[in-house]
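The values are calculated or read from the model by the stated rules, or taken from the named source; none is laboratory data. Everything numeric in this text was worked out from a predicted model, so none of it was measured. Here the Cβ positions follow ideal geometry from the backbone for every residue, glycine too, while neighbour counts run over all protein chains shown. The area values use the complete protein model at the heavy-atom level, side chains included, leaving out ligands, DNA and RNA. Shrake-Rupley method; radii C 1.70, N 1.55, O 1.52, S 1.80 Å.
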Number of protein chains: 2
Amino acid sequence: MEYTFSDRIAALQPSAIREILKATADPEIVPFAAGNPAPDAFPVDAVREITADIMANDPITALQYGVTEGYEPLKKTITAYMKKKHNVGRDFDSIVITSGAQQIMDLATKVLVNEGDTVICEAPSFIGSLNCFRAYNAVLAGVPVEADGMDTEKLEEVLKTAKNARFIYTIPNFQNPSGATMSLEKRKEVYRLAKKYGVLILEDNPYGDLRVSGEYIPPIKSFDEDGIVIYAGSFSKILSPGMRVGYVIAPAELMAKMTVGKQTSDVHTTMLCQMIVERWMNNYDFEGHIQKICDIYRKKLDLMCSLLDSELGDFVTYNKPEGGLFIWCRLPEKVDMMDFCRKAVEQKVAVVPGSAFMVDESAKTDCFRINFSTPTDEKIVEGMKRLSKAADFYR
Amino acid sequence: MEYTFSDRIAALQPSAIREILKATADPEIVPFAAGNPAPDAFPVDAVREITADIMANDPITALQYGVTEGYEPLKKTITAYMKKKHNVGRDFDSIVITSGAQQIMDLATKVLVNEGDTVICEAPSFIGSLNCFRAYNAVLAGVPVEADGMDTEKLEEVLKTAKNARFIYTIPNFQNPSGATMSLEKRKEVYRLAKKYGVLILEDNPYGDLRVSGEYIPPIKSFDEDGIVIYAGSFSKILSPGMRVGYVIAPAELMAKMTVGKQTSDVHTTMLCQMIVERWMNNYDFEGHIQKICDIYRKKLDLMCSLLDSELGDFVTYNKPEGGLFIWCRLPEKVDMMDFCRKAVEQKVAVVPGSAFMVDESAKTDCFRINFSTPTDEKIVEGMKRLSKAADFYR
C-alpha cells in the first residue's frame, strides 16, 4: 500500500543532518554531537534507595493509574520550591507534571496554536521545540540571539508584523545551541513587549541549574504578575533524562486546557518516576547534588574551551557559556560548514551542523554545536585533536 | 489576560459527565465508573525484584536518554512474542514502544489525519480515543456496534461516502464501553473493506488478554499481508497502567513517521518502565500472571452479572461480555439516562453515562457503563443494592 501522510508530518523530513548524526552510533566516534548528562552525574545510590522504598511501602500507588495533572505530593513539592527559590508562581498559577519538558512544548502548541498561526522563536533554537511547532503547522518567526540573548528590537518588529503570534519561545539560560544567557534587562524587555502586544511567553529552562560561572539571573516567570508566562521546568539535566519528568507552571485557565490535551496524549506521566523525583527532592540533598554536577561540568567546559583555544584558536570563534551543556562554534567564512562537519565525521568526531537549529531551514550558517557533558575528559582531548585535523583541510 | 485557545482544544469542553465523575472522588461512593485494574492484580513482588535488579546492575541505562523507537531488548521481546502467540507482524512491519497505548492513537492521528479528514469509529467507543481524534479536528463517522462487533454493512456505506477517510478505529475484543467482541467473520470483512477502499485500520487491543470465557479470536492484524493495519498493544491491563508502556506494530514506513511524531511529543518512553516490562516478560511467568488476573476478573464479572440479574433484572438489559473490564447496561426507554446517573450518585454509586462514549455527542442513548475490576466484591454487592435503590425512583 502507498501511504499518504498528514501535511504536518510530511513537512518534517529526515535531512542531511540526520545522516551525519547516524554515523555517531559508531563507538569509535567521539560524541560531541550528543546532549546526554555525564554518567557520573546521576545520583544512582539515591535512586536505588528510593525505588526500593517505594516498592516496599507504596507499590500500588506506583503501579496504578494516576491523575492527569500529576502526583499530588510532587506538585506540592515543586510548587513550594519554585516559589521559594525563584519567586515563580502566583495565586493564579497552577502546575502540571509532564512526560519530560518536550511535552510542555507539545501541549502549549496544542492548546494555543491554530495551523498558520505564528510562534516567535530565538534563531537559532532547539530543534526538538522547532520541530514540535512545525508539527502543528505553525509559522515560525525567528529573532536573532545575541551574546546577551534575543535582539529585542527585532522582537518588537516581529511582534508588530507577525500574523496571529501566539507565543514567544525562549531558553533564557545557556540557550541551546548558542550558549547565550539573556540579561536581566532583556528579560524585562521581553516581558514588557509580550504584555504590550498581548502575546504569551513560553520560557523553557532545562539548563538553569547548570550555572558554572557568573551571576544568577531570575526567570522571566518571576516577574509574571499578568499571567502571560508559561514556565517549563525539567529534571532531565539534574536528575535523569531517562525518567522523562518535567513540569509546567502557568495560569490555571491555560493549565486546565493543557490537562485536557495531556489526557488525549498519554493520560498521565509514569507514577513510579514521579514518586522517585518527589522523594529525591524531599529526602535527599538534591541542592548538593546540583552543586556536584556543576563542579563536573565546570571542569569539562574549562577543559574543552582551553583545547578550543590551543588546538583551534586560529580557526573557530566562540563565546564561552556560563553554564548548560553546549558551545556554539563559528567557522571562518571561506569554510563550507556542512563540508567541515562531514570532514569531522571522517576524522571520527561528531558535531551537530548549525543548520539543524535554524528557524528558517534554508538559512545559511557558519556555526556548529559541540557538547562537553557526554564525552569523558580523555575523549574531549582526543576529539579536539581530531577536530583540528579536520580543520587542517582548510588551513 | 484573556486567553484564546486553538480551535482543536476549544472544542473539547468539560461536560455534565465530568461533573458526575468528579463526585466519584468521594471515598463513600462505590466506584463502578472507573477502569482501574484490581489492586490484587498487580505482580508487586516481581516488580520489586526487577527494580532492585535494574538499580543494582544497570542503573545508567535506566537513568540516561534512550532512543525514540524504544528499548531494544523490549522491542525484540514483544516482536517475538506477538509473532508466536498471535501471528502479528510481517517483514514489512516494525515496532515502537509508546507511553501507554493512548499515545498510539495520538501518533497515528498526528501522522495520518489532516484537519477535516474522517476517522471511522465504532459507536459507542472509548472517550479517550474519540477526544484524541477530535483534538486533531478530525471528523468522526460512527458505525454502530452490534453484539458481534461493528455493523459491516454500515461500515461500507460510510467508506463509500466519507470525505478523506484515513483509518477505521476498532477495539475488537471486549470493546469499551459495549463489551462486544467482533466475530472472526466480521474481522475478515472489516479487513476486506479497508483494503477495498484503501483505508487503514487502527486496531486497539488493550483488553485482549483478559478473556474469561469463549474462544480465542485472532487479531485483525494477524491477517495483514497488505500493510494496512496499525496494531496498538498495552501493558496497562496485565501489568500496570501507572507505568505507561504500550507498543505499536505497523508497516515500517508508517513507523518512521510516528517516530518523528513521538520525538516532538515526549522524546522517548521512560527507560526504567521499559526495562521493568522487558525483564518481567523474559524472567517471570507472565502468562501465569495473566491467567491469575483472568481468574480474578471472571469471578468479579460473574458476581456483578448475577447481581444485575437478581437486583436489576426487571430494569436493565445487557450482554454479558467474554472478558475486558466493563458491562454496558441499557435502561428502559421511559427512563432519562442522565437523570438515572445522577440518582445513582445520590445513592453513592458512580456509573459512567453512556453519552460519554457517543461518536456524535448529541446522540441520545439509554445506556450507562459499569466496571467490575476496581471495586472489591463487598463493594460490588453494596453498589448493586444502591443502583437498585436508584432504579426504585422509576419502578
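For the reader, a short list of remarks on this structure follows.
- Highest-fluctuation residue, B:ILE220, B:ILE290, B:ILE171 considered, GNM on chain B with Cα pairs under 10 Å: B:ILE290
- In this entry, chain B is assigned a mean projected area of 20.5 nm², taken as a quarter of its C-alpha convex hull surface.
- Every helix of 4 or more DSSP H residues in the protein assembly as shown counts as -39500 (n - 2.57), and over all residues that averages to -13000 deg cm²/dmol at 222 nm.
- Overall form of the range A:320-395 per C-alpha gyration tensor (a/c, 1.5; a/b vs b/c): oblate
- Sparsely packed GluC sites (Glu not before Pro) within the range A:175-239, loop by DSSP, other Cβ within 10 Å at most 11: A:GLU215, A:GLU225
- Hydrodynamic radius of the range A:213-355 per Kirkwood, over alpha carbon pairs, in Å: 19.2 Å
- Solvent exposure ordering (accessible area, 1.4 Å, most first) of B:VAL88, A:VAL381: A:VAL381, B:VAL88
- In terms of overall dimensions, the range B:13-146 has a Cα radius of gyration and Dmax of 19.8, 53 angstrom.
- The other copies place their A:GLU346 label points at 8.3 nm from this one, listed shortest first, where each point is 7 Å from Cα along Cα→Cβ.
- Karplus-derived 3J(HN,Hα), 6.51/-1.76/1.60, for each residue of the range A:320-336, Hz, glycine and proline x: 5, x, 8, x, x, 10, 10, 10, 9, 10, 10, 8, x, 4, 5, 8, 6
- Calculated FRET value between B:LYS154 and A:ARG395, using beta carbons and R₀ = 51 Å, to 0.05: 0.10
- Counting Cβ atoms of other protein chains within 10 Å of each Cβ in B:237-247 and taking the mean gives 5.
- Trypsin sites (Lys or Arg not before Pro) within the range A:97-199: DSSP coil, no more than 11 neighbouring Cβ in 10 Å: A:LYS163
- For B:ASP93, residues with placed amide H under 5 Å, excluding near neighbours: B:ALA252
- Three-way shape call for the protein assembly as shown based on the alpha-carbon gyration tensor, with the a/c threshold at 1.5: prolate
- Residue with peak Gaussian network fluctuation, chain A [Cα springs, cutoff 10 Å], from A:SER236, A:SER213, A:SER183: A:SER213
- Under 5 Å, built H, 5+ apart or other chain: amide partners of A:GLY142: A:CYS121
- Taking the centroid of alpha carbons for each part, the range B:328-395 and the range B:154-196 are 28 Å apart.
- Gyration tensor (alpha-carbon) shape descriptor, the range B:207-252, a/c threshold 1.5: oblate
- Relative to the current alpha-carbon distance between B:THR376 and B:THR161, full extension at 0.36 nm per residue lengthens the span by 72.7 nm.
- For the range B:283-354, the set of GluC sites (Glu not before Pro) satisfying both a DSSP loop assignment and a count of at most 14 other C-beta atoms within 10 Å is given as B:GLU333.
- Legend: residue pairs A:LYS186/A:LYS237; A:LYS186/A:LYS221; B:LYS160/B:LYS221, Cα-Cα distance threshold 19 Å; pairs beyond threshold, A:LYS186/A:LYS237; B:LYS160/B:LYS221.
- Backbone HN-Hα couplings from phi across the range B:169-178 [Karplus 6.51/-1.76/1.60, Hz, Gly and Pro as x]: 9, 9, 10, x, 9, 6, 3, 9, x, 6
- On the basis of the beta-carbon distance and an R0 of 22 Å, A:PHE92 and B:ASP26 show a calculated FRET efficiency of 0.20.
- Top of B:TYR197, B:TYR136, B:TYR247 by mean-square fluctuation, Gaussian network on chain B, Cα under 10 Å: B:TYR197
- Note on A:252-265: average number of Cβ atoms from other chains within 10 Å of each residue's Cβ is 5.
- Beta-bridge orientation, the protein assembly as shown: approximately 50 percent antiparallel, per DSSP, counting only bridges with both partners inside.
- Placing unit charges on the Cβ atoms of the charged side chains and taking the dipole of the protein assembly as shown about its Cα centre, the candidate lying farthest along the positive direction among B:LEU140, A:PHE32, B:SER265 is B:LEU140.
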